[in-house]
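Below is one structure, written out as structure tokens; comments come after it.
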Amino acid sequence: MKKSLVITTIATVLVIVVALTTATFAWFSASSVTSVNNQFAVSASDSSVSIYRWLPGENTAVGEFEATPLTENWALGATSDYEWDYTGSVTQGQTPNTAYTLLMPTAEILGTEFAANSDSTINKDGLPSVSFFRGQKSSATQDKVTAVGLHPVAVRFRLMPGKAAMQIAASITVKVGDSATSKDYLAAKAARVVLIGKVEGGATEQYPNIKVASNYTYCTTAATVDQMLTSASAYASTSYVGSTTGTDYVAVLNTDEITSGTVPDKDATATLTFGADPTKPLDCVLYIWFDGGVASDSAALGQVSIDINFADVTPGD
């Protein structure tokens, strides 16, 4: 029987969103939220594929992957030793489980950007470190960036195949429920997921690097804070194209496939099948956020689930 390692995220976008009329992108004000019961969780179901979490070092010490694999649910989006604090990306006192605000990255996510401790106050050495920013409408004629050094759900882990010459299928599905409202559909379209796995020791055509990701807009490195909400030139967009050749495999997740028409399409899925081996584990980063560049006030209170699954699909098993 095929078994799999499943990352399940049930996210509620619970913000008061303000649509801007003068800026290049739609943004929001997260001044009022109400807690709800949701979960961001990683669960390991068997030993076919194992996850080893990255544990940052204490003070200025270098972190490392844990020595034993994940054996119980890993709650994402709650402040822990394995993640950034989320005080900037949610309303104060909340977590992304209960009150996720909308964000945009300040650079393209390449999967190689990790924090380094410079003093004893950071303690996030080795975690994914691309920062995000939040915008807000301040008046009828002026918009502003409220914070820049923010982080969404962003974790790092080692993906370890359980046997030689293994075939793994990595898939991401964004979906709404059977009784989805218009707000759920709009929020789902704003969902962004980036999963990047780099083969430790170097990728080969047999054992490639992987990327299963949404295309997304990000702020360019040359942009200033003042330009972020007012200038189209301050932004760039990724243009990922699916590929299963060479040493870098890519699958693209397109949430625009989710529609609420006469015959609704309740989900969008991207799946990538690749070769893996215990001598070639993957160093993985995972980012999950909701894009303030495309969301409007109509997306507030939308409920979306995001399922990330690693399955053993080796022929002949």
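The values are calculated or read from the model by the stated rules, or taken from the named source; none is laboratory data. Since the model is a prediction, treat every value here as computed from it, not as a measurement. Using ideal geometry, Cβ is built from the backbone for each residue, glycine included, and neighbour counts are taken over all protein chains shown. Heavy atoms of the whole protein, side chains included, go into the accessibility calculation; ligands, DNA and RNA do not. Shrake-Rupley method; radii C 1.70, N 1.55, O 1.52, S 1.80 Å.
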| Accessible area per residue in Å² at 1.4 Å probe, computed on region 245-313 | 36 Å²
| message | Tell me the net charge near Val174. Cut-off is 14 Å between Cβ atoms, Val174 excluded, with +1 for each Lys or Arg and -1 for each Asp or Glu. | response | -3
| said: Order 124-130, 245-251, 285-291, 61-67 from most to least packed using the mean count of other Cβ atoms within 10 Å. | reply: 285-291, 124-130, 245-251, 61-67
| How long is the gain from Thr273 to Thr68 if the chain were fully straight, where each residue apart is worth 0.36 nm and the alpha carbon distance is subtracted? | 71.2 nm
| query | According to a simple spin-label model (label point 7 Å from Cα along Cα-to-Cβ), what is the distance in nm between Glu200 and Gln167? | reply | 2.6 nm
| Among the listed pairs Lys175/Lys198; Lys175/Lys211; Lys163/Lys266; Lys211/Lys266; Lys124/Lys198, those beyond 30 Å (Cα-Cα) | Lys163/Lys266
| field | Environment charge of Pro281, counting only residues whose C-beta is closer than 14 Å and scoring Lys/Arg +1, Asp/Glu -1 | value | +1
